[in-house]
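Student: Here it is, the structure, as structure tokens.
The values are calculated or read from the model by the stated rules, or taken from the named source; none is laboratory data. Small disclaimer: the values here were computed from a predicted structure and weren't measured. Reconstructed Cβ throughout: ideal geometry from the backbone, glycine too, with neighbour counts over all protein chains shown. When the accessible area is computed, the model is the full protein with side chains, heavy atoms only, and any ligands, DNA or RNA have been set aside. Shrake-Rupley method; radii C 1.70, N 1.55, O 1.52, S 1.80 Å.
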Amino acid sequence: MIQSFDPYLILWYNFGMSENQMYEINQKIVYPSQGVGKIVDITEKKFKDNLLTYYVIYLEVSDMTIMVPVDKVNDLGIRAIVSEEEALKALELISEEFEPIPSDWKLRYQMNLDLLKKGTVNDIASIVRSLYHRSKIKELPILERKLYDSAKKLLEDEISFALNKTPKEVEQLLHSKLEPLGAALDAKRNSSKLHDPDDDDDFIDDEDEDAVDESDEVDEEDDEDMEE
């Protein structure tokens, strides 16, 4: 255990603050790829020929304790829990309309994975919003479903700490924000289909397009056999 902080422990907090942010023991933090955690210790450890300072972080969601070099914290997207005001803004973001997302799930997955790595609360809220509504159109592929579940769990945990609510209360709150927009989007899609019945093609993935092409080829062969 170190008794005093050295310059390596001063982290530039890039979440809209101009002053430097120092993480302390027992402080809650967000590790975007792992979940919400708590700094349980700050220690020094020799790595090769250098003495490095580490945060010891306990992650409740996986019941795991990890050590992260202090000078790598920003690279990993680790940050403090947002304020109550920022948490409420993220909840409002979830209920807002958004630009259509790609129908190609591989492209969509990579875009959302990049957002998760950035790890701001608004990025995570955007992932939850877009994938929730995408799942209402078509079942998500396994990898994308896992990404959605991870983002949703991370958002619920962070907002529960920021608002001092239980994860269950936050889950219900998220649902109440998502559903009105979902109903509005459903109505818009149904109206669009009445005017343009080809709109369904926008939601076909690459694999489905191949299946459609193969089906067309089979139909053509059947027609040739009937002519003979």
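Student: Out of all the residues in the range 91-109, is one or more within 28 Å of ILE25 (Cα to Cα) and small (Gly, Ala, Ser)?
Tutor: Looking through the range 91-109, none of the residues is within 28 Å of ILE25 (Cα to Cα) and small (Gly, Ala, Ser).
Student: Now a separate question. Determine whether the range 35-52 contains at least one residue that is of a type in the set (Asp, Glu), within 23 Å of GLU169 (Cα to Cα) and at pLDDT below 95.
Tutor: So far as the range 35-52 goes, no, none of its residues is of a type in the set (Asp, Glu), within 23 Å of GLU169 (Cα to Cα) and at pLDDT below 95.
Student: Moving on to the next point. Taking only pairs six or more apart or across chains, which ones have beta-carbon atoms under 9 Å, a first residue in the range 161-175 that is basic (Lys, Arg), and a second residue that is part of a helix (DSSP H, G or I)?
Tutor: Hits for this filter: LYS165/ILE159; LYS165/LEU173; LYS168/GLU156; LYS168/SER160.
Student: Moving to a separate point now. Just the residues that are of a type in the set (A, V, I, L, M) and open to solvent by less than 80 Å² (accessible area, probe 1.4 Å), please, taken from the range 65-87.
Tutor: Listed by number, the residues that qualify are ILE66, VAL68, VAL70, VAL73, LEU76, ILE78, ALA80, ILE81, VAL82, ALA87.
Student: So which residues in the range 103-131 are more than 11 Å from the chain's Cα centre (by Cα) and without any contact (Cβ under 8 Å) to a residue 60 or more places away in the chain, if there are any at all?
Tutor: LEU107, ARG108, GLN110
Student: Which residues, taken from the range 42-55, are open to solvent by less than 40 Å² (accessible area, probe 1.4 Å) and either within 30 Å of ASN112 (Cβ to Cβ) or of a type outside the set (A, V, I, L, M, F, W, C) (or both)?
Tutor: If the condition is that a residue be open to solvent by less than 40 Å² (accessible area, probe 1.4 Å) and either within 30 Å of ASN112 (Cβ to Cβ) or of a type outside the set (A, V, I, L, M, F, W, C) (or both), then THR43, THR53, TYR54, TYR55 are the ones that fit.
Student: Is it fair to say GLU60 is in contact (Cβ under 8 Å) with a residue 24 or more places away in the chain and exposed (fewer than 13 other Cβ atoms within 10 Å of the Cβ)?
Tutor: Values: in contact (Cβ under 8 Å) with a residue 24 or more places away in the chain: yes; exposed (fewer than 13 other Cβ atoms within 10 Å of the Cβ): yes.
So GLU60 fits the description; yes.
Student: Could you list, in sequence order, all residues of the range 126-160 that are touching a Lys or Arg at 6+ places or on another chain (Cβ under 9 Å), crowded, with 18+ Cβ neighbours inside 10 Å and among the hydrophobic types (A, V, I, L, M, F, W, C)?
Tutor: The answer is ILE127, VAL128, LEU131, LEU140, ILE159.
Student: Mind checking which residues of the range 161-178 are part of a helix (DSSP H, G or I), surrounded by fewer than 18 Cβ atoms within 10 Å (Cβ to Cβ) and not hydrophobic (A, V, I, L, M, F, W, C)?
Tutor: PRO167, LYS168, GLU169, GLU171, GLN172, HIS175, SER176
Student: Within the range 195-206, is even one residue modelled with pLDDT under 95, farther than 19 Å from VAL61 by Cα, part of a helix (DSSP H, G or I) and open to solvent by less than 50 Å² (accessible area, probe 1.4 Å)?
Tutor: Yes, the range 195-206 contains at least one residue that is modelled with pLDDT under 95, farther than 19 Å from VAL61 by Cα, part of a helix (DSSP H, G or I) and open to solvent by less than 50 Å² (accessible area, probe 1.4 Å).
Student: Among the numbered conditions (1) within 22 Å of VAL36 (Cα to Cα); (2) open to solvent by 50 Å² or more (accessible area, probe 1.4 Å), tell me where LEU107 comes up short.
Tutor: (1)
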